[in-house]
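A.B. asks: Let me begin by handing over the structure; questions about it come next.
What follows draws every value from the coordinates through simple rules; no lab data is involved. All figures in this text were calculated on a predicted structure; none of them were measured in a lab. Glycine gets a Cβ as well: all are built from the backbone with ideal geometry, and neighbour counts include every protein chain shown.
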Amino acid sequence: MPSSKASVNQALIDLKAASPTSASQLSVLSKANQFYIYINQQLIPWDIYEPNSENRGFVRYFSQALQIVDQQVQGLTFYVTMTEMHSLPSYGDHVVVLILGDEFYRVPKYCHKVGAVFKCYGTHQIRQQLLNCLSSQPFYLKFALISQSLKNLTYRLPLLLNYQFQKLVTILSGKGNVTLIHDIPPGYFNSEDLPVEPIASRRHDVFFDGSISHDQYSTWSLKYWMRTPKSFARGEMIKNLKKTQAHHPQLKIELATNFKFAAPDQTTEQSIYSQNMMQTKICCVPRGTTVETYRFFEAMRYGCIIITESLPSCWFYQGAPVVQLKNWDELEEVIQNLLQDPALVQELHQQTLDWWAKKCSEISCGQYIAENVKSMVV
């Protein structure tokens, strides 16, 4: 099966071939859209066709997605930011914003001033997180989820009230509806372009390599004892994975933990991580600071069988061929049942690759963005 990068390149070739414009005209059209990275109020012109843009590993997925958009729509200005909620360098109906890193589920203050907003982690997950508290979760996790939700709400509420006010003003003025906020996949971070390995020949039955907590605290610190939803969930996952390993020593379980999220320049570690992931049959995907993680999409891109927690009700998750646990205590039984059924593993492997291609890949994300901004230039 061809790599993801090859698929993206082929899609761009197909789009160009389908267009009646010449190569020189395509070059002109590609310059019609303007792309910028806007971080810490610094505006950085961005060449989305540069594959190795310096220190821009976190947007590599979106550079390929926006190449798809660039071949279908012209005349727009794209700002890609991590968490900027309050201001942009410019506004207008031609402005499109991609917000990639806001984990507080906020609504941007400038939403009514731009043509479209596409956001990772969405704006409604607080509600779902609170609903999860009503399910069969351990008491401490319920407490941690409620505490985190209340914290997120303090960041979110002022911007949400502004959004509702601007929506009312827009409707009363007869200008239609305020700009919608579209959910998009977070994409991947630690993921190299590798040929897909057949699931039956992969050397790891189960794999997890990741952080337990973003920070290390002294045992004298209150934060050391106040576990977050991330540290609690990952701690429970690791406990049950170790129990599975002890009960089934014949299984090839690869488990590694660290204290920090990988930095963009850790190319050696990134390569090892990608190779291990590609050699994995079952990938455990516990929540991070939010229920959505890069690991989910990295595992899906490689066709791993994903075991995860409850997922948001977004278009790219609904119906996904993954195993969602109510509690990590179920992990041992689920792993056993999967590995005892090679035909099921093969079926889920293929379904996962198909889901990646149709719903979560750079191509599908690019097509989704393109379809939702075409009306802005009609």
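A.B. asks: Based on the Cβ-Cβ distance from Q351 to I44, what FRET efficiency comes out when R0 is 51 Å, to the nearest 0.05?
C.D. replies: Between Q351 and I44 the formula returns 0.85.
A.B. asks: Which peptide among 186-193, 150-157 comes first, and what is the full order, when sorted by highest mean count of other Cβ atoms within 10 Å?
C.D. replies: Ranking the peptides 186-193, 150-157 by packing returns 186-193, 150-157.
A.B. asks: As an exercise, use a Förster radius of 30 Å and the Cβ-Cβ distance of N162 and Q318 to find the FRET efficiency, rounded to the nearest 0.05.
C.D. replies: Computed FRET efficiency for N162 and Q318 comes out at 0.55.
A.B. asks: Which of the residue pairs K230/K374; K119/K243; K281/K359; K243/K281 have a Cα-Cα distance greater than 29 Å in the structure shown?
C.D. replies: Checking Cα-Cα distances, K230/K374; K119/K243 exceed 29 Å.
A.B. asks: May I ask for the equivalent-ellipsoid semi-axes of region 199-360, computed as the square root of five times each C-alpha gyration tensor eigenvalue and listed largest first in whole Å?
C.D. replies: Computed over region 199-360, the values are 25, 18, 17 Å.
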